[in-house]
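Step one of this worksheet: look at the structure below.
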Amino acid sequence: QGNYIGADATGSNALGNGLSGIVLFDDAADNTLGGTASGAGNVIAHNEAVGVLLFPLAGANNRMLGNAIYDNELLGIDLGNDGVTANDPEDPDTGPNNLQNYPVLTVAASGDGAVITAELSSLPNAVYTLEFFSNDACDESGNGEGEDPLRTETVSTDASGIGSVVATVSGVPAGAYITATATDASGNTSEFSACAVLPDFAVAVSPTSQTVAAGQPASFTVEVSAEGGDFDHPIALSCTGLPSGAACSFSPSEITPGSGQATSTMTVTTLARAMPALPVPRRAPDTPVHLALIGLTVAAVLITLASVRRWREVGAYPIGVAVARVGRVLALAVVSMLVLHACGDNNGTGPPAGGTPAGTYELTVTGTWESVQHAATATLVVE
């Protein structure tokens, strides 16, 4: 109890044995490896053969609970030194630890962990302790080890030797490998079960790049795929990284991949840029017209001066002053026309304003189910 076998005292560095970590030989029976009390479990890791090996003539009632058994070259627990021992109906066989059957697992994702359904086929009308584990990887055999002990459950078999239990565990990441052992009332612990992967999902976006003019929509296909088993939960879709003046929508907004994949159409809506119009269009300068306007201005001034002198000579000075005022007004009007005609651009409008700015934008599309999130990216180019 409480040992590091194949690891240093910190439990983090590998010092694996050249063969197995713990070996039980002829008639080794009624032994306890680990336990349920705090600190009783052993770390059995990094060994170049089996984690815990019971040779064919080892005895029974060798209890193994609460241990962290992982990263060994071969099986975590091997009853009989012959690789994975297949389960048999009602478990009547004999051998080391009576060749106790292991549970068969199915796993579903929960909000922050897993819901594990375990079924055990063993002796009828008996009580067993099932211990569940989480692993980063599965053994090459397909049957796992037991890196992180999760919890224990008690299951009773019926008259046909079948029993089942559902266990909910938290803190298990999507994609983890779940395993379990079964221990009977006498202390016979089984090998580890086959690995069951905690289902996960992945998000992909196509095409990976889309180019549109401001005011045009961009369309992408979002694909959500189940990984490691059925993912029968609705996944909400969202996007970030949009340019100003743009919005995204999904049809549908939630999808459930089930045992395969599901798709949604993401539409990014952009805004067109406005073209401001002036009240009176203006033309670029025109030399002949300018010369004509200048001539009219000079003529208006000369006529005004001549009129003033003429009306003075005949003694009608007030009439001359009035004519002069009229001439000045005409001259100012002509000059104003000249100035207005000389100003402005070729079409009487300014540059486009508002709308979605041109540029290259990286969009992030995220799928969310409770605490599980995965994302993919796509590029939007606005011209």
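Only a single item in (1) part of a strand (DSSP E or B); (2) over 30 Å from residue 234 (Cα atoms) is not met by residue 187, and it is number (1).
Do the conditions hold for residue 94, that is, is it in a loop (DSSP other than H, G, I, E, B) and without any contact (Cβ under 8 Å) to a residue 40 or more places away in the chain? For residue 94, the condition - in a loop (DSSP other than H, G, I, E, B) and without any contact (Cβ under 8 Å) to a residue 40 or more places away in the chain - is met. Scoring residue 271 on the criteria (1) outside any strand (DSSP E or B); (2) open to solvent by less than 50 Å² (accessible area, probe 1.4 Å); (3) out of contact with any Lys or Arg (no Cβ under 8 Å at 6 or more places or on another chain); (4) not polar (S, T, N, Q) leaves a single failure, condition (2). Checked against the criterion of being more than 45 Å from the chain's Cα centre (by Cα) and open to solvent by less than 20 Å² (accessible area, probe 1.4 Å), the stretch 35-52 has no qualifying residue.
When the test is whether a residue is closer than 23 Å to residue 123 by Cα and over 31 Å from the mean Cα position of the chain (by Cα), residue 179 does not pass it.
Selection over the stretch 173-207 of residues that are open to solvent by less than 30 Å² (accessible area, probe 1.4 Å) and farther than 23 Å from residue 376 by Cα gives a count of 15. When you look at residue 78, is it among the charged types (D, E, K, R) and assigned to a strand (DSSP E or B), yes or no? Spelling it out, residue 78 is indeed among the charged types (D, E, K, R) and assigned to a strand (DSSP E or B).
The single condition among (1) surrounded by 18 or more Cβ atoms within 10 Å (Cβ to Cβ); (2) part of a loop (DSSP other than H, G, I, E, B); (3) hydrophobic (A, V, I, L, M, F, W, C) that residue 69 does not meet is (2). Within the stretch 242-267, the residues that satisfy the criterion of being more than 19 Å from residue 369 (Cβ to Cβ), touching a Pro at 6+ places or on another chain (Cβ under 9 Å) and either part of a strand (DSSP E or B) or among the hydrophobic types (A, V, I, L, M, F, W, C) (or both) are 265, 267.
Looking only at the stretch 51-74, residues that are polar (S, T, N, Q) and more than 14 Å from residue 32 (Cα to Cα) come to 1 in all.
Within the stretch 1-19, being among the polar types (S, T, N, Q) and either open to solvent by less than 70 Å² (accessible area, probe 1.4 Å) or touching a residue at least 12 places away in the same chain (Cβ under 8 Å) (or both) holds for 1, 3, 17. Considering (1) in contact (Cβ under 8 Å) with a residue 60 or more places away in the chain; (2) within 18 Å of residue 148 (Cα to Cα), the lone condition that residue 73 does not fulfil carries the number (1). Report whether or not residue 150 is free of Cβ contacts under 8 Å to residues at least 60 places away in the same chain, part of a strand (DSSP E or B) and surrounded by 18 or more Cβ atoms within 10 Å (Cβ to Cβ). Yes: the conditions hold for residue 150. Considering only the stretch 109-139, state which residues are surrounded by fewer than 20 Cβ atoms within 10 Å (Cβ to Cβ), over 30 Å from the mean Cα position of the chain (by Cα) and in a loop (DSSP other than H, G, I, E, B). Those that are surrounded by fewer than 20 Cβ atoms within 10 Å (Cβ to Cβ), over 30 Å from the mean Cα position of the chain (by Cα) and in a loop (DSSP other than H, G, I, E, B): 123, 124, 125, 126.
Filtering the stretch 329-363 to residues that are modelled with pLDDT of 85 or more and surrounded by fewer than 15 Cβ atoms within 10 Å (Cβ to Cβ) leaves 358, 359, 360, 362. Taken together, the residues in the stretch 47-93 that are in contact with a strand residue (DSSP E or B) (Cβ under 6 Å, 6 or more places away or on another chain) and hydrophobic (A, V, I, L, M, F, W, C) amount to 12.
Evaluate the following for residue 65: is it within 25 Å of residue 104 (Cα to Cα) and touching a helix residue (DSSP H, G or I) at 6+ places or on another chain (Cβ under 8 Å)?
So residue 65 does not fit the description; no.
Filtering the stretch 140-172 to residues that are of a type outside the set (S, T, N, Q), closer than 24 Å to residue 38 by Cα and over 32 Å from the mean Cα position of the chain (by Cα) leaves 153, 155. Do we have any residue at all in the stretch 82-95 that's buried (at least 16 other Cβ atoms within 10 Å of the Cβ), within 22 Å of residue 18 (Cβ to Cβ) and not hydroxyl-bearing (Ser, Thr, Tyr)? So far as the stretch 82-95 goes, no, none of its residues is buried (at least 16 other Cβ atoms within 10 Å of the Cβ), within 22 Å of residue 18 (Cβ to Cβ) and not hydroxyl-bearing (Ser, Thr, Tyr).
The values are calculated or read from the model by the stated rules, or taken from the named source; none is laboratory data. Just so you know, these numbers come straight off a predicted model, no measurement behind them. When we count neighbours, we look across all protein chains shown, and the Cβ atoms used for this are built from the backbone with ideal geometry, even at glycine. Keep in mind that these areas ignore ligands, DNA and RNA; they rest on the heavy atoms of the full protein, side chains included. Shrake-Rupley method; radii C 1.70, N 1.55, O 1.52, S 1.80 Å.
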